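The values are calculated or read from the model by the stated rules, or taken from the named source; none is laboratory data. Here the structure is a predicted model, which means the values were calculated and not measured. For neighbour counting, all protein chains shown are included, and Cβ atoms are generated from backbone atoms with ideal geometry for every residue, glycine included. Ligands, DNA and RNA are stripped out before the accessible areas are found, and what is left, the full protein with its side chains, is counted by its heavy atoms. Shrake-Rupley method; radii C 1.70, N 1.55, O 1.52, S 1.80 Å.
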Amino acid sequence: MGEFALILRYVRNCLRAQMLYPTAFMIRLVTQFTVTIVEFGGLWALFARFGHVRGWTFPEIALFYGVVSTAFSLVDMSTRGFDMFGPQFVKTGDFDRVLLRPRPATTQLVGFEFGFTSIGRLAQGLVAVVVAIALLDIDWTAAKVALLLWSVAGGAALFAGILILQATLAFWTVESLEIVNAITYGGVEAAQYPLDIYASWFRKFLIYVVPLGCVVYFPVAAVLGRSDMTGMGAWFGTVSPLAGFAFLALAFFAWGRGIGHYTSTGS
Amino acid sequence: MSTLALPYLAILRARFVLMLQYRAAAFAGFVTQCWWGVIKVMVLAAFYAGHPHQPITLAQAITYTWLGQGLLGLLPWNADPEISEAVESGNIAYERLRPVDTHSLWFARAIAQKAGGTALRILPMFIAAAVVLPLIGLGEWSWRMPATADAAALFAVSITLALLLSSAFVVLLNVAVTALKTRRAANIAATLVNPLSGMIIPLALAPTWAQGFLFWQPFAGLVDIPYRIYFGNLAGAAALEGIAAQVLWVALFMLAGRWWLADVWARVDTQGS
């Protein structure tokens, strides 16, 4: 069985397990949708009062928000094994068993659990994108649609990289580092606005350290035809999401070093 | 009277000490909250840059943000996790058997949890946002002092009421979890608390037509009312009105919790092995 077929089987098993309690499942899903859509409502309320933020309008921000939220929800759904890596695998010594099986550790960690309730956040992200598209007067071309999808892909790669780095750190700290939440959830919060509203040190952080700006800001600004705000040409938005994949590659490299360093903690 | 209160005071003290022990988690929480605070402050500053004339000033909205980060632990997002577990394991029967008034016991536990979790976080947050920020030249982004001495005194009353309101709501969630036999019963809390308390955006910045409702609904008393008293946006009669709204909702939550718990305890059946 190939890796992909194996992951599909993991997905099916996990879905079956979660659907044993269908009501609880639906409640969690609906709650996540409500909580996140209410945040989107808060954004609308701010625009109802202020009109715009440094020249950006509500539908434009909704597109940034929708893209980053969609990218994050896709990753959040499939990386529970990395998120819980410290307490669930390193602390217990269970990672030994993972290493013994003749399959890549990453496949098994992805298959550890699927957070289907993140479909709630995914739905919110898609609602934001639909609202943006409905309110904006964009001349859609195949290139623009592709750029938007490319941005989501880059964002997903970046968030996956962050979660893999979090798991890698657990090789040394054993505990799960919840501080990483500041970068994942905080990143979703920060990247829903265009970078030019932030102070320059923060903008640099979001371009060079955790390149959320590269995966969302530049390409979405290009789709919106507002690349003039970014200080870079529209072409830059087509290549900048690569930074997300570069970050993911670095994270995998660190992960490999982490596995090399692992000497088991089990009792 | 004093002997009657003893068990509740004992649980209050024990819980408070327990909460103070989660230092590592508190540090992680602190860094995260600073980070969130900085993002929110920058976003608010950007919005205000174009339209500075709003029901509350930018400096007030920033102080609101820092107060919100420092007092995050006060918010009733969930039922008491130990009660939820007891419901799912069947150990809730022990709660029924204790020779004390369950509502008061749960109320005392909730107060200690909320106060303990907050006491740890408020001081470092205050030092970071009110002392360090001005020192490094970011005074515009800092947490300001209360508007007046009166505002400070009224804030002390109002934030205490916020603690009681939050704890009374937690007990209500505990009862809901016990009655419906699933911790998911408390999931509704975050959906209500986040937007209606003012944690997502200060309620004063919500649309004008919604202001009357937003002021008198129960969750404004957790965040919006005490904070507006702090920076003098609610002063004099308006501040007293806000405090009256808090007292009203504490009383209603307590009554509802007692009434519902009595009903649940009268015919509780437990699950678990």
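A compact table of results
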| item | result |
| --- | --- |
| Residue match in the stretch A:176-196 (condition: on the phi > 0 side of the Ramachandran plot and within 14 Å of another protein chain (Cβ to nearest Cβ)) | no |
| Test: B:LEU165 is open to solvent by less than 30 Å² (accessible area, probe 1.4 Å), modelled with pLDDT of 95 or more, over 16 Å from B:ALA256 (Cα atoms) and more than 14 Å from every other protein chain (Cβ to nearest Cβ) | no |
| Unmet requirement for A:GLY55, which otherwise passes all of (1) under 19 Å from the mean Cα position of the chain (by Cα); (2) open to solvent by 30 Å² or more (accessible area, probe 1.4 Å); (3) of a type outside the set (Lys, Arg) | (1) |
| Total residues in the stretch A:103-146, condition outside any helix (DSSP H, G or I) and either without any contact (Cβ under 8 Å) to a residue 40 or more places away in the chain or within 20 Å of the chain's Cα centre (by Cα) (or both) | 7 |
| Search result, residues across the stretch B:122-143 that are exposed (fewer than 15 other Cβ atoms within 10 Å of the Cβ), modelled with pLDDT under 90 and under 16 Å from B:PHE30 (Cα atoms) | B:LEU123 |
| Count of the stretch B:186-196 residues which are more than 9 Å from chain A (Cβ to nearest Cβ) and farther than 12 Å from A:GLY42 by Cβ | 4 |
| Some residue of the stretch B:126-136 being among the aromatic types (Phe, Trp, Tyr), within 11 Å of chain A (Cβ to nearest Cβ) and over 16 Å from the mean Cα position of the chain (by Cα) | no |
| Looking only at the stretch A:231-247, and only at residues there that are assigned to a helix (DSSP H, G or I) and crowded, with 21+ Cβ neighbours inside 10 Å, the one that is modelled with the lowest pLDDT | A:GLY237 |
| Count of the stretch B:32-89 residues which are within 14 Å of chain A (Cβ to nearest Cβ), in a helix (DSSP H, G or I) and open to solvent by 40 Å² or more (accessible area, probe 1.4 Å) | 7 |
| Flag if A:ARG226 is of a type outside the set (Ser, Thr, Tyr), under 21 Å from A:SER69 (Cα atoms), more than 23 Å from the chain's Cα centre (by Cα) and surrounded by fewer than 22 Cβ atoms within 10 Å (Cβ to Cβ) | yes |
| Residues that are assigned to a loop (DSSP other than H, G, I, E, B) and either within 12 Å of chain B (Cβ to nearest Cβ) or within 15 Å of B:VAL38 (Cβ to Cβ) (or both), drawn from the stretch A:197-221 | A:TYR198, A:ALA199, A:VAL210 |
